[in-house]
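These notes concern the structure reproduced below.
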């Protein structure tokens, strides 16, 4: 009996030595998890005293404690800190491993040293989807009632309400669809019996006017009484300007059966303005598959948004409308007097003229032209036109154009200005921009009469040396950007078109009133002057409140963005729209300064390197400085980790005992994090293994000694005769 018991002990010791030997052999194996032998005693269940029969192996268990993390700096080396396993595809079999030493094969798939594909959440690229419908949910507000023929998209006084929404063509380009609503027939208000008819117009990227038909509301209920006459827009490729397919956009205003989405009230309100369609997008799928590196060229992306982190100096003085025009002019006194009535369209009725730009209370610029007519010796009459308007029969409050007379001293040529009409006032109707009446004081104190050659009647020596509007505009439509007096601050940055070509965008800021700044843009390739694109206003704290375009429109969903539409570069690129984002712009009592500039466009890029991050993302870097996620490593864990079956090459497979794998992204639950550029070492502790080896050796020797002693006893018994 003792011989058999000792044999079980020797077998157990041998097994333990085998386990220890295996652990020691794999002390430097990446991701290796040490094992241990677990034993149980054997007893004679039939014996009254339950005599022991030795020992038996119960199981070989694995210890899944964390191994040491060793930095390698290698791109596709990954270590897990937590309970997760990498998921590997091996033909039709799924394996699990803690060894994260990966590479890429010739096809770009991420594999391990056994050519097993690493599994993860792959990236799906969706196609561009053209917009086919826009749903309008809004309330139109009463205002002025204008004739449809008076509509001017650049003049907010000619329409009541306006909306703006982005739509997409088949090539993924973004287009600005503006819809204008003009009340053309109105009954009395407050509501009474009758109808109100609204004319609708549309524009794509600020292009040609598109007739949107009409809709009629019942004035008593505010509800649609006659359905919109046009419910779809046909937009040609030429209108899109991007070589995209023609598109038809359905305009969803509701219906009598489902209910109308538009109504009429006292306050304009956009409940929602929703287009379908989308640009192509890269999204990480929830379905796990082979991780793959796309080595193709990154396509260029045209600029869609410009982020401006600027401080505008709150102490800048706001200019005011023109009040004085200074003249430095020489008039030739040798010329023959003209008796004919003055006519600005007939150059034979005046001797000299000059032109200057003046500005009204809204900052709108006007052409102010002055004419000088010699009527007698040393006597000159002055006439004016504003934007070419002249009406000699006009009566107050309209100005008739007659500026009075200047008399010159025959000897010195100095002017006597007692009969010059100052000031002169153009009525609000003559100004015609919605501004108040414009009053200007002409200053002729620097006008001289010179005497030319009296024998040559046609030799006109009259000349304008300078005409200066001493109080410049608050808000001109354009400015000469070469003259720094026309703006208070400027900045510039590069933007990209659809071909990935870089262009310079110059932005100019001009204070027009307290807390209000006009914004001008200039792209030197296509703009000879800087054009006003809108304005930004600030609150009393110096924070941005809203941006308005030239049509007084503010995006209700993003009030501090200003949209610039219809940019056409002369290089074959598609027509471009982009937004200026002023969310980080401020107005404080500090020097105007640019703190940050950013834009979301870029040129094409070639794949330069691929890295992994701590979220398990596979990140590609390109020659254009951009990065793109190619996928994300998936991790798996098991309810009973001891139930996994070890199959070699640092791999395990699931079993019925382990339960089904629970997969997820790094960082979720107990899956753990991924450390990029590192590997998890073996969790074998050599010191402990050596101690266990000595213990197993001693056990083996002791059991062998039992066998030896038992053999001696058996020999002694056999020798008794």
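The set of residues in the stretch 26-62 that are under 17 Å from residue 99 (Cα atoms) and surrounded by 13 or more Cβ atoms within 10 Å (Cβ to Cβ) comprises 26, 27, 29, 30, 31, 32, 33, 34, 35, 62. Touching a strand residue (DSSP E or B) at 6+ places or on another chain (Cβ under 7 Å) and either under 30 Å from residue 573 (Cα atoms) or assigned by TED's automatic domain parsing to the domain that holds residue 563 (or both): is that true of residue 617 in this structure? For residue 617, the condition - touching a strand residue (DSSP E or B) at 6+ places or on another chain (Cβ under 7 Å) and either under 30 Å from residue 573 (Cα atoms) or assigned by TED's automatic domain parsing to the domain that holds residue 563 (or both) - is not met.
Across the stretch 104-114, not a single residue is classified as touching a strand residue (DSSP E or B) at 6+ places or on another chain (Cβ under 7 Å), modelled with pLDDT of 95 or more, part of a loop (DSSP other than H, G, I, E, B) and farther than 24 Å from residue 672 by Cβ. Answer yes or no as to whether residue 555 is closer than 30 Å to residue 273 by Cα and either at pLDDT below 95 or assigned to a strand (DSSP E or B) (or both). The answer is yes for residue 555. Considering (1) more than 47 Å from the chain's Cα centre (by Cα); (2) assigned to a strand (DSSP E or B); (3) buried (at least 21 other Cβ atoms within 10 Å of the Cβ), the lone condition that residue 399 does not fulfil carries the number (2). Taking the numbered list (1) outside the structural domain of residue 78 (by TED's automatic domain parsing); (2) in contact (Cβ under 8 Å) with a residue 24 or more places away in the chain; (3) surrounded by fewer than 17 Cβ atoms within 10 Å (Cβ to Cβ) in turn, residue 108 passes all entries but (1).
Being at pLDDT 95 or above and closer than 30 Å to residue 359 by Cβ is a description that does not apply to residue 276.
Output the residues belonging to the stretch 366-388 that are free of Cβ contacts under 8 Å to residues at least 60 places away in the same chain, touching a helix residue (DSSP H, G or I) at 6+ places or on another chain (Cβ under 9 Å) and buried (at least 20 other Cβ atoms within 10 Å of the Cβ). If you could, list the steps in order and put the result at the bottom.
Initial filter on the stretch 366-388 (free of Cβ contacts under 8 Å to residues at least 60 places away in the same chain): 367, 369, 371, 373-377, 379, 381, 383-388.
Retained after the next criterion (residues that are touching a helix residue (DSSP H, G or I) at 6+ places or on another chain (Cβ under 9 Å)): 371, 373, 386-387.
Correct list: 371, 373, 386.
Assigned to a strand (DSSP E or B), at negative phi and not assigned by TED's automatic domain parsing to the domain that holds residue 629, is that true of residue 56? Judged against the criteria, residue 56 is a match. The single residue among 171, 146 that is crowded, with 16+ Cβ neighbours inside 10 Å, free of Cβ contacts under 8 Å to residues at least 60 places away in the same chain and not in a strand (DSSP E or B) turns out to be 146. Looking at 531, 552, just one residue is touching a helix residue (DSSP H, G or I) at 6+ places or on another chain (Cβ under 9 Å) and within 23 Å of residue 180 (Cβ to Cβ), and that residue is 552.
Any residue at all in the stretch 177-196 that is more than 24 Å from residue 553 (Cα to Cα), outside the structural domain of residue 619 (by TED's automatic domain parsing), at pLDDT 90 or above and touching a helix residue (DSSP H, G or I) at 6+ places or on another chain (Cβ under 9 Å)? Checked against the condition, which is being more than 24 Å from residue 553 (Cα to Cα), outside the structural domain of residue 619 (by TED's automatic domain parsing), at pLDDT 90 or above and touching a helix residue (DSSP H, G or I) at 6+ places or on another chain (Cβ under 9 Å), the stretch 177-196 yields no hits at all.
Selection over the stretch 526-549 of residues that are more than 22 Å from residue 313 (Cβ to Cβ) and touching a strand residue (DSSP E or B) at 6+ places or on another chain (Cβ under 6 Å) gives a count of 3. Residue pairs whose Cβ atoms lie under 6 Å apart, sitting 6 or more positions apart in sequence or on different chains, and linking a residue in the stretch 15-27 that is over 8 Å from residue 684 (Cα atoms) to a partner that is part of a helix (DSSP H, G or I), are 16/696; 17/696; 20/689; 20/692; 20/693.
Looking at residue 207 and the list (1) in contact with a helix residue (DSSP H, G or I) (Cβ under 9 Å, 6 or more places away or on another chain); (2) under 26 Å from residue 557 (Cα atoms); (3) at pLDDT 95 or above, which single condition is not satisfied? Evaluating residue 207 over (1) in contact with a helix residue (DSSP H, G or I) (Cβ under 9 Å, 6 or more places away or on another chain); (2) under 26 Å from residue 557 (Cα atoms); (3) at pLDDT 95 or above leaves (3) as the failure.
The single condition among (1) more than 36 Å from the chain's Cα centre (by Cα); (2) surrounded by 12 or more Cβ atoms within 10 Å (Cβ to Cβ); (3) farther than 23 Å from residue 292 by Cβ that residue 661 does not satisfy is (3).
Residue 622 satisfies every condition listed in (1) surrounded by 15 or more Cβ atoms within 10 Å (Cβ to Cβ); (2) closer than 30 Å to residue 34 by Cα except (2). Within the stretch 680-694, one or more residues are in contact with a strand residue (DSSP E or B) (Cβ under 6 Å, 6 or more places away or on another chain), closer than 22 Å to residue 612 by Cα and part of a strand (DSSP E or B). Taking the stretch 349-389 as the region of interest, the strands (runs of 3 or more DSSP E) fully inside it that hold 3 or more residues being assigned by TED's automatic domain parsing to the domain that holds residue 465 and either within 17 Å of residue 408 (Cα to Cα) or out of contact with any strand residue (DSSP E or B) (no Cβ under 8 Å at 6 or more places or on another chain) (or both) are 365-376, 379-386.
Looking at residue 717, is it surrounded by 19 or more Cβ atoms within 10 Å (Cβ to Cβ) and not in a loop (DSSP other than H, G, I, E, B)? So that I can check it myself, show each step before the final result.
Working: surrounded by 19 or more Cβ atoms within 10 Å (Cβ to Cβ): no; not in a loop (DSSP other than H, G, I, E, B): yes.
No; evaluated as a whole, the condition is false for this residue.
Can you give me the number of residues within the stretch 115-133 that are part of a strand (DSSP E or B) and farther than 30 Å from residue 236 by Cβ? Write out each step before concluding.
Step one: of the stretch 115-133, the residues part of a strand (DSSP E or B) are 117-125, 129, 133.
Of the ones still in play, those that are also farther than 30 Å from residue 236 by Cβ are 117-124.
Residues flagged as part of a strand (DSSP E or B) and farther than 30 Å from residue 236 by Cβ within the stretch 115-133 amount to 8.
The values are calculated or read from the model by the stated rules, or taken from the named source; none is laboratory data. Only a predicted model underlies this, so the values are computations on that prediction, with no experimental measurement involved. Methodologically, a virtual Cβ is constructed for each residue, glycine included, from the backbone with ideal geometry; neighbour enumeration extends over all protein chains shown.
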